[in-house]
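Data block below; observations after.
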Amino acid sequence: MKTTVKTMDYDKVMALPRPEHKHPRKPNIFWRTLIRFLCIFGMMGTKFRYETEGFEKISKDEPCLILMNHTCFQDMEVAYRILYPRPLNIVASNDGFIGFFGLMPWLMRTIGCVPTQKFVSDLRLVQDMQYCFKTLKTSVLMYPEACYSFDGTATTLPAKMGILLKKYDVPVIMIETFGAFGRNPLYNELKIRRHVPITAKARVLYTREEIREKSVRELSEGVEAAFGFDHFRWQQEQGLKIHQDFRADGLHRILYKCTDCGVEGQMEGRGTTVTCRHCGKQWELTEGGALKALEGETKISHIPNWYRWEREQVREEILAGTYRLDSDVEIAMQVDYKAIYKVGRGHLTHDNAGFRLSGCDGRLDYVQKPQSHYSLYADYYWYEMADVICIGDADTHYFCFFENGESVAKIRLAAEEMYKLYKAKKPVAPATDENAAE
């Protein structure tokens, strides 16, 4: 899937008018039926089946907040297969409103999509969702993780979800998919493993009465628990075998640091194996979804545990003040729904003081503090271009493409851990050029 990209001078991009706010639309039965019909083709070969639980507690036309884990592009197809003909508004990333010869904003709004900025405090989205519930009388489908899972477990969720549930005062449905991540994991360069079936479970997480009875903390903890999935563990428990000989392609995007020699940036996932080019250690990604060293000890066999170990390593660097990103980047921007604008080259640093992006002959100088964003939008092979991270505010997004193979996974882990440490008021050593990690 691609998007519209234009090359434009930075000053001209900054001078472009920002899109005016528009209320969400209720998708009519024609569009709902068309999408449901198209989902039949999108789900071919998945052997899709699902089960529901507790739906007798809510009426068929009652507006609900629908929460869903985000694993691959087919998530929306799964939701429509389960929830049709219930009218849905769908919270969608604003970069998804670009393209299709300028018709995408109209199309996305017509089918009920509501634009938002990922990992940015968006009061307008809160108001738009309330408008859907109270004025349009529609349900809202939301992926609170805001982006696809990297390692098959939940991405960091926004804090205090319980406050929103209290505000909206509508039943909450949870949809969890199984197999979708294994069929099309983000790291695998858009290669579809066609022999992996997809199933789903939809359950009423909270009725209106339960939302009114429970505290904000209880509601938030319930949502956190609902997102406590692990798709690699599920695969192993189900005995599901993935036979494709490209199943480890791109796995170094997650496993960027060797557990044996500790060197970063030398891992390579190709075929069915992951190799550290520095020490020569090799692991096979077995058909059952576990890692197995071809020689010697397998220190970590479970991919989410490896990713968790990398998070702990990053946290230690932050506490010591040795974490630092210092990279040249290609910069693109989004300020409207017409295009992604390439504005030239620049330089990005990230340390305990946050992000600093400079470029465009000194005209661009953007600073983002660690405590301002609870996570970071990072993506692999973004719109078939390259691995990317995105920083910015509600008006302007800066997409940074790296030139030397930097791990966007590590950068996101670092952003999340800095936020946690600042919020917890943990003492963090200031990063300096002298003690910064190479």
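Computed quantities for the displayed model
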{"item": "Of all residues in the stretch 393-421 being surrounded by fewer than 22 Cβ atoms within 10 Å (Cβ to Cβ) and in a strand (DSSP E or B), the one that is modelled with the highest pLDDT", "result": "F401"}
{"item": "Test for R253: is it touching a Gly at 6+ places or on another chain (Cβ under 9 Å), touching a residue at least 12 places away in the same chain (Cβ under 8 Å) and closer than 30 Å to L364 by Cα", "result": "yes"}
{"item": "Leading residue by the ranking (farthest from A154 (Cα to Cα)) among those in the stretch 209-224 that are under 24 Å from the mean Cα position of the chain (by Cα) and among the hydrophobic types (A, V, I, L, M, F, W, C)", "result": "L219"}
{"item": "Subset of the stretch 234-257 (residues that are open to solvent by less than 60 Å² (accessible area, probe 1.4 Å) and assigned to a loop (DSSP other than H, G, I, E, B))", "result": "G239, L240, I242, Q244, F246, R247, A248, D249, G250, I254, L255, Y256"}
{"item": "Flag for G99 being more than 23 Å from L125 (Cβ to Cβ) and open to solvent by less than 20 Å² (accessible area, probe 1.4 Å)", "result": "no"}
{"item": "Condition check for A424: without any contact (Cβ under 8 Å) to a residue 40 or more places away in the chain, among the hydrophobic types (A, V, I, L, M, F, W, C), surrounded by fewer than 20 Cβ atoms within 10 Å (Cβ to Cβ) and more than 14 Å from S327 (Cα to Cα)", "result": "yes"}
{"item": "Candidate set: the stretch 258-287, residues that are in a loop (DSSP other than H, G, I, E, B) and charged (D, E, K, R); chosen: the one most open to solvent (accessible area, probe 1.4 Å)", "result": "R277"}
{"item": "Subset of the stretch 320-338 (residues that are more than 21 Å from W382 (Cβ to Cβ) and either β-branched (V, I, T) or surrounded by fewer than 16 Cβ atoms within 10 Å (Cβ to Cβ) (or both))", "result": "A320, T322, D326"}
{"item": "Where a residue in the stretch 100-123 is touching a residue at least 24 places away in the same chain (Cβ under 8 Å) and under 22 Å from D393 (Cα atoms) and its partner, wherever it lies, is among the β-branched types (V, I, T) and open to solvent by less than 60 Å² (accessible area, probe 1.4 Å), with Cβ under 6 Å and at least six apart", "result": "C113/I90; V114/V91; T116/V91; D122/T116"}
{"item": "Scope the stretch 169-205; condition assigned to a loop (DSSP other than H, G, I, E, B), at pLDDT below 95 and hydrophobic (A, V, I, L, M, F, W, C); matching residues", "result": "L190, I192, V196, I198"}
{"item": "Wholly within the stretch 5-94, strands (runs of 3 or more DSSP E) carrying at least 2 residues that are in contact (Cβ under 8 Å) with a residue 40 or more places away in the chain, open to solvent by 80 Å² or more (accessible area, probe 1.4 Å) and of a type in the set (D, E, K, R)", "result": "49-53"}
{"item": "Subset of the stretch 358-385 [open to solvent by 30 Å² or more (accessible area, probe 1.4 Å), in contact (Cβ under 8 Å) with a residue 24 or more places away in the chain, farther than 21 Å from R311 by Cβ and not in a loop (DSSP other than H, G, I, E, B)]", "result": "Y366, Y381"}
{"item": "Every pair of residues 6+ apart whose Cβ atoms lie under 9 Å, when the first sits in the stretch 308-335 and is closer than 30 Å to P17 by Cβ while the second is in a helix (DSSP H, G or I)", "result": "I331/Y10; M333/Y10; M333/V13; M333/M14; Q334/N94; Q334/D95; V335/V13; V335/M14"}
{"item": "Residue match in the stretch 73-94 (condition: touching a Lys or Arg at 6+ places or on another chain (Cβ under 7 Å), within 30 Å of I331 (Cα to Cα) and modelled with pLDDT under 95)", "result": "yes"}
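The values are calculated or read from the model by the stated rules, or taken from the named source; none is laboratory data. Quantities reported herein were computed from a predicted structural model and do not represent experimental measurements. No Cβ is skipped: glycine too gets one built from the backbone with ideal geometry, and neighbour counts run over all protein chains shown. Side chains are part of the model used for accessible areas, which takes the heavy atoms of the whole protein and leaves out ligands, DNA and RNA. Shrake-Rupley method; radii C 1.70, N 1.55, O 1.52, S 1.80 Å.
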